[in-house]
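Below: the structure, in structure tokens.
The values are calculated or read from the model by the stated rules, or taken from the named source; none is laboratory data. Quick caveat: nothing in here was measured; it's all calculated off a predicted structure. Cβ: placed from backbone, ideal geometry, glycine included. Neighbour counts: every protein chain shown.
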Amino acid sequence: MRKKLAGIMQKLKWLDPFTYVDLALDKYWPAKNSKKTGVQEIGYNIIYLVCAFVFAFAIYQIFAIGLQTASPIVIVVSESMEPTLYRGDVVFIKGENAVGIKAQEVILNQNLSGKNVSEFLKSDFADSSDSQVGLAVDGVEIDGKKTKLNTEGDIVVYYSTINGAQIIHRAVLKIKANDGVFFLTKGDNKQTNWSIDQERTCLKFPDGKQACYGPITEFPINSKDIQGKSVLKIPIIGCVKVWVFDDFLSLISQGKMPSNYRGGLC
């Protein structure tokens, strides 16, 4: 059994691109008596680092071609999609057109490009014990037709010009307008994401306090601007990226963890 496993491992090593780097170094810059000089130690490390970036870029491009999108891999950096997605989850994205993105559909006999949602939509709110403000969007009314929102639509990725970052949220409504197909999106987190991404919603309470949400993106999202939909997630393995590029930078610049950190592994 051990010999069989050893044989399998021996074959699998040829799938590791660094195996070929080691072979090249042994041939063209070998260490005498298997002992590297100080210069070789530094040189080997630089070569490994450069190769790691090259291999990562190549793998990313292979995924981009295979999944038909320029953004095939997204790492979740906030809690807005919990409990569906958590910080540190790696999500694979497949490029898709409007027909291939699932969401509830409505038809609107208007042009929507550059139009604020307040011009054609009214949100309906209901009491919610899960929401941090006690209310959450329950549905929307468009052209006199009410649609109750659900979480059965696809999870999609789009670029927010307001946040200056990719957003991975659920498509909750597909609007077939005169000038194309547009989407409204929302995070699954019932506590923090109590309104749709495309609307600035402010609620006033009897004690005089006010709570506002959004917008995350200024207008309904044209289907052409959807970078793709989620097809696979791998938990946790993106934590290193979150720690280095999100948490660490926040600790250095602000002296505290980012506002979307709520404890846990990531």
- Which one of these does residue 122 not meet: (1) surrounded by 15 or more Cβ atoms within 10 Å (Cβ to Cβ); (2) assigned to a strand (DSSP E or B)? (1)
- Task: Could you list, in sequence order, all residues of segment 48-90 that are among the charged types (D, E, K, R) and either touching a strand residue (DSSP E or B) at 6+ places or on another chain (Cβ under 9 Å) or assigned to a helix (DSSP H, G or I) (or both)?
- Result: 87, 89
- Query: Between residues in segment 17-42 that are on the phi > 0 side of the Ramachandran plot and in contact (Cβ under 8 Å) with a residue 60 or more places away in the chain and residues that are in a helix (DSSP H, G or I) and of a type in the set (A, V, I, L, M, F, W, C), which pairs lie under 6 Å by C-beta distance while being six or more apart or on different chains?
  - Reply: none
- Taking into account only those residues within segment 241-257 that are among the hydrophobic types (A, V, I, L, M, F, W, C) and closer than 17 Å to residue 90 by Cβ, which is surrounded by the most Cβ atoms within 10 Å (Cβ to Cβ)? 242
- Message: Give me the residue from segment 150-171 that is at pLDDT 95 or above and of a type in the set (A, V, I, L, M) and, out of that set, nearest to the chain's Cα centre (by Cα).
- Response: 168
- Among 111, 97, which is under 19 Å from the mean Cα position of the chain (by Cα), closer than 20 Å to residue 225 by Cα and loosely packed, with under 13 Cβ neighbours inside 10 Å? 97
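Residues are listed down the side, and each one gets a yes or a no for (1) at pLDDT below 80; (2) farther than 30 Å from residue 65 by Cα; (3) among the hydroxyl-bearing types (Ser, Thr, Tyr):
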{"position": "191", "(1), (2), (3)": "no, yes, no"}
{"position": "215", "(1), (2), (3)": "no, yes, no"}
{"position": "220", "(1), (2), (3)": "no, no, no"}
{"position": "242", "(1), (2), (3)": "no, no, no"}
{"position": "260", "(1), (2), (3)": "yes, yes, no"}
- Subset of segment 84-105 [under 28 Å from residue 143 (Cα atoms) and touching a residue at least 60 places away in the same chain (Cβ under 8 Å)]: 96, 97, 98, 100, 101, 102, 103, 104, 105
- Count, please, the residues in segment 220-231 that happen to be touching a Lys or Arg at 6+ places or on another chain (Cβ under 9 Å) and on the phi < 0 side of the Ramachandran plot. 5
- Pair list, Cβ < 7 Å and 6+ apart or interchain, from segment 234-250 residues that are without any contact (Cβ under 8 Å) to a residue 40 or more places away in the chain and over 11 Å from residue 75 (Cβ atoms) to residues that are surrounded by 13 or more Cβ atoms within 10 Å (Cβ to Cβ) and of a type in the set (A, V, I, L, M, F, W, C): 247/257; 250/257
- Task: Kindly check whether there is at least one residue in segment 197-211 that is closer than 21 Å to residue 86 by Cα and out of contact with any Asp or Glu (no Cβ under 9 Å at 6 or more places or on another chain).
- Result: yes
- Every residue from segment 125-159 that is surrounded by 17 or more Cβ atoms within 10 Å (Cβ to Cβ) and more than 18 Å from residue 188 (Cα to Cα): 142
- Message: So residue 174 passes all but one of these: (1) more than 24 Å from residue 69 (Cβ to Cβ); (2) modelled with pLDDT of 95 or more. Which condition number does it fail?
- Response: (1)
- When segment 130-150 is examined, which residues are found to be part of a loop (DSSP other than H, G, I, E, B) and aliphatic (A, V, I, L, M)? 133, 149
- Task: Hey, could you check segment 95-119 for residues that are part of a loop (DSSP other than H, G, I, E, B) and touching a Lys or Arg at 6+ places or on another chain (Cβ under 6 Å) and say which is nearest to residue 210 (Cα to Cα)?
- Result: 103
- Task: Go over the candidates 221, 234, 216 one by one and state the one that is under 19 Å from the mean Cα position of the chain (by Cα), β-branched (Val, Ile, Thr), surrounded by 12 or more Cβ atoms within 10 Å (Cβ to Cβ) and farther than 27 Å from residue 131 by Cβ.
- Result: 234
